[in-house]
Structure formats: structure tokens, C-alpha cells
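Have a look at the structure below, then the notes.
The values are calculated or read from the model by the stated rules, or taken from the named source; none is laboratory data. None of these values were measured; they are calculated from a predicted model. Here the Cβ positions follow ideal geometry from the backbone for every residue, glycine too, while neighbour counts run over all protein chains shown.
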Amino acid sequence: MRQVGWLLVLVLGISCGGPRQEPPPPAAASGEPAGDPWAPKPDPPPQDYAIARRSFHTKLVRTGPAPQRFRPQIVPADTREIELDSGGLTLKAWISNPPASGHAPAVLFLHGGFAFDVTDWEMAKPFRDAGFVVMMPTLRGENGLPGAFTLFYDEVDDVLAAAEVLAKQPGVDASHLYVSGHSAGGVLTMLAVMTSRRFRAAAPLSGAPDASVFVDQPALTPFDPSIASEVRMRSPLVFAASFKCPTRMYVGEREAAFVASMRETARRAKAAGLDVEAEVVPGDHFSMPAAAIPLAIAFFQQH
């Protein structure tokens, strides 16, 4: 069975940890007005993610490949493997054949886990069946490719580089480019559309909006997780006012670890006047795409 269990371990570790004991409310300091210490706090001032990226550079404490085993993949008969450049790194992607005539809308689909597998390509089949050209990139440090794994930071550059290549492919309508992805790919989907206006709409599936859930996973954090800015810059929740296209975030009803943070991300985005919604669908982390992808297709077709 393909090793895509990194996020499953995370989900199970959080959702099955038992009831959480809240600390007692803090006592009011002398001279401070009494009140409800748990009253909702105002939302933090919105900050644009694309602007924040210009002045931030992740500092890795460990450089190396992505932390997931991989196996050689055989390119299907109806698919092409192409190379793309991302900041001097030569990466690879699979892309479906274009239509015989005319131009079709296209979906950049970002795989789950931290290695590409043919099962990811099969997950995106409904998009191809619906008439979209589909491209799925393999990112830096994955499947033996060059570059260091950074967990949801420099990989955003790879996603945007792939989008530019997809837009220039024969048979692709560059004005109708969409992005979706599952699990780790869902996180990158959110961060990509907070960075760029390239996409017409987005549909992240089961992405974790709050990167603080990863800080106790040392195999996944090549940066120092005690540095708050490192975690913030990987957290779509913090930059919820930055979505640059209509977005539907889908999450499985049995993903207790993600439902609340995804809804809060949507709430903050809508408070900023953005067309962003969180939708709960049947299933757990691995079964939910069957219910979510048809909804994503319909959403893309509306845009």
C-alpha cells in the first residue's frame, strides 16, 4: 500500500487524543475591569501572503529529500511526462493529452503526501473525464528530484512554475486555469492562490490550514518549529484574507482535526469580503475525494 500516511498519523493523533482539559480562566489583574476571559478576540489584522513572502526566507535546520519513500512510475498511454524549471531546478509533471481540436480548461492537481504515485493520477481522473486537461507536478525533493524539502514553503514556487508551464501547453485555455489538490496538496493549493492571481478558482481537499499541527512531527519539519514565523508562513489560516480567487475548501466529516480550522479560515476570508467557503463532505481523509471532486468540478464549471 502506498505510503501516504503522514497526514493520517497526524489526524489520528489529534482526533483520538481524548478530551482536552481547559485551564482555569486567568484572574483579572489588579485595576483591570472584570469580564469574560474567554470572550472572542478580534481577528488579527489581515496581511497579504504574497507580500509577506517577499520579505521572508525560510531557514532550514535540515536539508534533504522529501520524507516519503517512492517507487518508479510508468507513464500511462494517454499521458505525457514533461519537464519544467522552478528556480533552476528541473522538475517533472504528468499531463493528460489535449483535446483533438480547440482549447480546454485545465486543472493543476497537487498530489497528497510527499511523493508522487500513479494512484494520485487516478484520483484526478474525474477532472479528465469532465473535459479538463490535467497536470500533476512532482515537487522539489520528491521521487529523487533535485532540491530540498521545505514543507509547504519553497514548494509553492514549484506549484506556480508548474501553472505557468500548464498555461502554455497546446490545447489549454490559459484563461481558464484551476487548481486543486488533496492533503498536502490541499495546503499547497491554498498557499498558491494566496500568492498568485493565475487561477480562476481553487478547490483544496483535506488541507490543514494551521501548520502548528505539524510541529510535533520532526520528520516533516526541516525548519525550527519553535520559530513562530516559520509556522505562520505555512499556515493558510493566518493569511485567510489573501485568497485571490473564488475557493471551496472541502473536508471529510470524519476529519475532526481539520474541520474547525477550515471553517475558521473560511470565516475570516468571508469577513474580508472574499468568495471562500468550507464544505463538509462524507468520508475520512482518504475516502472524501470521491465526494468532493464532483463538487469541485461543478464549482470550476461555474467559473
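Within the stretch 157-182, the only residue that satisfies the criterion of being among the β-branched types (Val, Ile, Thr) and free of Cβ contacts under 8 Å to residues at least 60 places away in the same chain is Val159. Contact annotation: residue pairs with Cβ atoms under 6 Å, 6 or more positions apart or on different chains, pairing a residue in the stretch 233-248 that is of a type in the set (S, T, N, Q) with a partner that is assigned to a strand (DSSP E or B) and buried (at least 22 other Cβ atoms within 10 Å of the Cβ), are Thr247/Ala202; Thr247/Val276.
Residue-wise test of (1) among the small types (Gly, Ala, Ser); (2) farther than 30 Å from Ala104 by Cα.
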site: Ala201; (1), (2): yes, no
site: Arg248; (1), (2): no, no
site: Ala257; (1), (2): yes, yes
site: Arg263; (1), (2): no, yes
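Can you confirm whether Phe56 is touching a helix residue (DSSP H, G or I) at 6+ places or on another chain (Cβ under 9 Å), touching a residue at least 60 places away in the same chain (Cβ under 8 Å) and over 20 Å from Val165 (Cβ atoms)? When the stated conditions are applied, Phe56 passes them. Has the stretch 99-115 got any residue that is without any contact (Cβ under 8 Å) to a residue 12 or more places away in the chain and in a loop (DSSP other than H, G, I, E, B)? Yes - at least one qualifying residue is present in the stretch 99-115. Here Ala77, Ala93 are screened, and the one residue that is more than 26 Å from Ala240 (Cβ to Cβ), surrounded by 10 or more Cβ atoms within 10 Å (Cβ to Cβ) and either among the small types (Gly, Ala, Ser) or modelled with pLDDT under 95 (or both) is Ala93. Candidates in the stretch 66-88 are the residues that are assigned to a loop (DSSP other than H, G, I, E, B) and basic (Lys, Arg); of these, the one that is farthest from Val156 (Cα to Cα) is Arg71. Ser261 meets all of the listed conditions (1) over 29 Å from Pro65 (Cβ atoms); (2) assigned to a helix (DSSP H, G or I) but one, namely (1). Selection of the stretch 192-251 for residues being assigned to a helix (DSSP H, G or I), of a type outside the set (A, V, I, L, M, F, W, C) and within 24 Å of Asp173 (Cβ to Cβ) yields only Thr195.
With the structure loaded, tell me whether Leu166 is farther than 18 Å from Ser206 by Cβ and surrounded by fewer than 22 Cβ atoms within 10 Å (Cβ to Cβ) or whether it fails that test.
It is false that Leu166 is farther than 18 Å from Ser206 by Cβ and surrounded by fewer than 22 Cβ atoms within 10 Å (Cβ to Cβ).
A residue that is farther than 20 Å from Pro236 by Cβ and of a type outside the set (S, T, N, Q) cannot be found anywhere in the stretch 191-208. Here Thr63 does not qualify as closer than 30 Å to Ala162 by Cα, at pLDDT 50 or above, β-branched (Val, Ile, Thr) and not in a loop (DSSP other than H, G, I, E, B). Would a scan of the stretch 56-66 turn up a residue that is more than 19 Å from the chain's Cα centre (by Cα), under 20 Å from Trp121 (Cα atoms) and surrounded by 13 or more Cβ atoms within 10 Å (Cβ to Cβ)? No, there is no match, as no residue in the stretch 56-66 is more than 19 Å from the chain's Cα centre (by Cα), under 20 Å from Trp121 (Cα atoms) and surrounded by 13 or more Cβ atoms within 10 Å (Cβ to Cβ). Taking the criterion of being surrounded by fewer than 24 Cβ atoms within 10 Å (Cβ to Cβ), farther than 30 Å from Val215 by Cα and not charged (D, E, K, R), the residues of the stretch 102-126 that qualify are Gly102, His103, Ala104, Pro105, Pro126.
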